1. Among the residues in region B:230-247, are any within 14 Å of another protein chain (Cβ to nearest Cβ), touching an Asp or Glu at 6+ places or on another chain (Cβ under 7 Å) and β-branched (Val, Ile, Thr)?
2. If you go through region B:231-289, how many residues are β-branched (Val, Ile, Thr) and open to solvent by 40 Å² or more (accessible area, probe 1.4 Å)?
3. Tally up the residues in region A:99-131 that are open to solvent by less than 20 Å² (accessible area, probe 1.4 Å) and either part of a loop (DSSP other than H, G, I, E, B) or under 30 Å from B:Leu323 (Cβ atoms) (or both), please.
4. Taking B:Ile5 as meeting all but one of (1) within 13 Å of chain A (Cβ to nearest Cβ); (2) among the aliphatic types (A, V, I, L, M); (3) open to solvent by 20 Å² or more (accessible area, probe 1.4 Å), write down the number of the exception.
5. Considering only region A:107-123, state which residues are facing chain B (nearest Cβ under 10 Å) and not small (Gly, Ala, Ser).
6. Criterion first (in contact with a helix residue (DSSP H, G or I) (Cβ under 9 Å, 6 or more places away or on another chain), open to solvent by less than 30 Å² (accessible area, probe 1.4 Å), small (Gly, Ala, Ser) and within 14 Å of chain B (Cβ to nearest Cβ)) does A:Ala74 satisfy it?
7. For the subset of region A:32-57 comprising residues that are within 14 Å of chain B (Cβ to nearest Cβ) and under 14 Å from the mean Cα position of the chain (by Cα), which member is most open to solvent (accessible area, probe 1.4 Å)?
8. Say we look at region A:77-98 and pick out the residues that are outside any strand (DSSP E or B) and more than 27 Å from B:Leu328 (Cα to Cα); which of these is farthest from the other protein chains (Cβ to nearest Cβ)?
Amino acid sequence: MEIARHWRQRATRYRLEGQRHRHTGVVRFPPQPAALGEDPEMWEPVALSGRGELYSFSVLRQPPAGYESFGIYAVGMVRLEEGPLVSAQLTDCAEADLVIGMPVEMVTRRLADTGEDGVLVYGYKFRPRLR
Amino acid sequence: MMKPIRPVGLIGYGAYVPRYRIAGREIARMWTDGQGGVPVEAKSVPGPDEDVITMAIEAGRNALARAALPAERLSAVWVGSESHPYSVKPSGTVVAEALGASHWISAADWEFACKAGSEALTASMALVGSGMADYALAIGADTAQGRPGDALEYTASAGAGALLVGPAEEALATIDATVSYVSDTPDFYRRADRPYPVHGNRFTGEPAYFHQIQSAARRLLDELGRSAADFTYAVFHQPNTKFPQTVARRLGFSEEQIAPGLLSPRIGNPYSGAALVGLCAILDVARPGDTIFMTTYGSGAGSDAYALTVTERLLACRERAPLTATYLAREVFVDYATYARWRGKLVLG
């Protein structure tokens with residue numbers, strides 16, 4: 001079950017792939033199934049730039065099960081250039097580096113290790129923009 | 001000397017070095033009370049969410065960005081490493097999926113200690129040079145491990161270099177020719193299921209690094225009818241600071257020729273990434289018409305030598321991705337305890 005759940009999300013997680021409405025140009029993330037009665041073909045996959053600004057953040061001092069190895073880490077909400085607001089782990093930064101409004105960029109990192117016989121889960125995180 | 005039928009070159013390149021470092025002195029503090037010299041000043045340390053796959057993805061994205069090539073046009077994504085996250089399950093398929101390559105590609109993981117990345121490069125030259133494909137991505141990446149307290153621990157580091165091979169007419173640097181030299185040399189190995197590699201003591205040095213590199217490099221220079229002085233820059237595999245300096249001197253290259261690509265004093269030895277990241281650093285400063293001599297080395301043992309010539313295209317491509325110096329500059333030093341936790345050296349009951 002768990003392997004399939006991670007695998008299904010690979011385009012979204014690895015490439016930050018969202019959806020764009022063919023008529024209105026509206027971009028949404030994460031991808032969603034078409035609404036009842038809506039033509040599913042109206043939403044096309046689109047890889048987002050991964051560039052955005054830090055909208056808000058919080059620091060986890062008591063990580064949930066499976067995330068202990070990261071120690072204390074930050075999570076943030078990022079307003080992407082294309083519009084959507086994304087929640088993700090923040091990486092390559094210390095708490096003191098974080099400022100609301102700072103430019104950030106998407107990187108693909110290890111999200112979780114599901115155990116010795118489990119899969120390694122990769123996905124998007126954000127870091128302070130390199131340049 | 002090997003030359004493809006169809007001329008090839010690099011149409012993109014990209015480096016990646018993690019932001020964390022541990023000082024050689026900090027490792028010495030733990031094991032020798034800080035006494036004695038250290039082989040490098042510092043080495044790069046992967047963050048707790050980094051591995052060969054994540055580093056290969058970032059280096060690969062940088063190479064594609066420089067080439068301004070849509071990932072769907074790739075025909076191969078090859079990752080060379082001795083620290084693939086899985087023993088069985090290719091890194092290449094995850095990297096290809098993350099880069100946005102199509103499903104109609106060759107993806108494989110290469111293994112040859114520190115020259116796994118250049119094996120992928122030579123294969124990419126052949127794939128493109130034979131006309132079987134137009135674009136192939138060769139990546140060398142490692143999160144190298146050294147046994148705590150072992151000499152290797154001072155240098156075994158992390159980094160990735162990605163080289164995007166395409167037709168010479170689109171290249172930012174043409175690859176003029178290559179030579180590969182191998183011999184059965186037990187200088188360094190890791191048995192299956194063992195966490196740390198070991199050195200074959202007396203095989204290290206002369207019969208291994210120096211013999212293989214000198215054999216490949218001299219053969220390529222001889223067959224090209226060129227000498228060290230004919231090259232603007234040179235880069236060698238760099239397991240420490242001294243070895244590449246020594247082999248360069250023996251082959252007739254000056255300190256100035258190797259300076260831009262000699263990164264081991266600052267980041268240690270990122271194994272399959274070492275020479276490739278050094279090449280990226282040279283391409284970051286090179287001018288059209290410059291010539292570059294690269295020689296890799298892998299334990300076990302073997303060496304690949306390449307002669308490259310920079311074209312006018314480099315100037316337009318260079319700034320499309322972060323320079324190697326940008327990655328080197330963001331260094332954040334960690335202490336031994338943090339390093340030990342991140343590198344899985346602590347056994348949690």
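The values are calculated or read from the model by the stated rules, or taken from the named source; none is laboratory data. Small disclaimer: the values here were computed from a predicted structure and weren't measured. Here the Cβ is made from the backbone with ideal geometry for all residues, glycine too, and neighbour counts use every protein chain on show. The area values use the complete protein model at the heavy-atom level, side chains included, leaving out ligands, DNA and RNA. Shrake-Rupley method; radii C 1.70, N 1.55, O 1.52, S 1.80 Å.
1. Taking every residue of region B:230-247 in turn, none turns out to be within 14 Å of another protein chain (Cβ to nearest Cβ), touching an Asp or Glu at 6+ places or on another chain (Cβ under 7 Å) and β-branched (Val, Ile, Thr).
2. 2
3. Going through region A:99-131 one residue at a time, the tally reaches 9.
4. (1)
5. Of everything in region A:107-123, those that are facing chain B (nearest Cβ under 10 Å) and not small (Gly, Ala, Ser) turn out to be A:Val107, A:Thr108, A:Arg109, A:Arg110, A:Leu111, A:Asp113, A:Val119, A:Leu120, A:Tyr122.
6. Yes.
7. Among residues in region A:32-57 that are within 14 Å of chain B (Cβ to nearest Cβ) and under 14 Å from the mean Cα position of the chain (by Cα), the one most open to solvent (accessible area, probe 1.4 Å) is A:Arg51.
8. Applying the filter and picking the extreme gives A:Gly83.
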